[in-house]
């Protein structure tokens, strides 16, 4: 059996495929916090304060949104504020297979770089 995971999903516009997602560490604590128990620290509820975005609905690849997108949607770039909004206005979903994660900065990642050695250059003057 595949391990399960829990996420909170906030869709700012019902007609859009845009979704903002946070990964939940403890679903029971999340439900208690949503029900009004604000004595529970968010750090015990979420896996991290990373906010992910997919423009392809629930099956899309998760990417980190830009600060401009966060500010436009949430009127804040503060991760703690955004996590609270996603928990308050979103829905909790438990699934068996997590999203795929993507990056917009692959050119800066050592795993994806191609290098050409000094002897590989052909051509000339």
Q. What full-extension length gain, to one decimal in nm, is calculated for residue 31 and residue 84 as 0.36 nm per residue of separation minus the Cα-Cα distance?
A. 17.8 nm
**Q.** Relative contact order, percent, region 5-98 [alpha-carbon distance under 8 Å, six or more residues apart]
**A.** 38
Q | Long-range tail of P(r) for region 5-98 (Cα pairs > 20 Å, %) | A | 30
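The numbers here are math on the coordinates, done by the rules we state, and not lab data. Keep in mind that what you see is a predicted model, and the values were worked out from it rather than measured.
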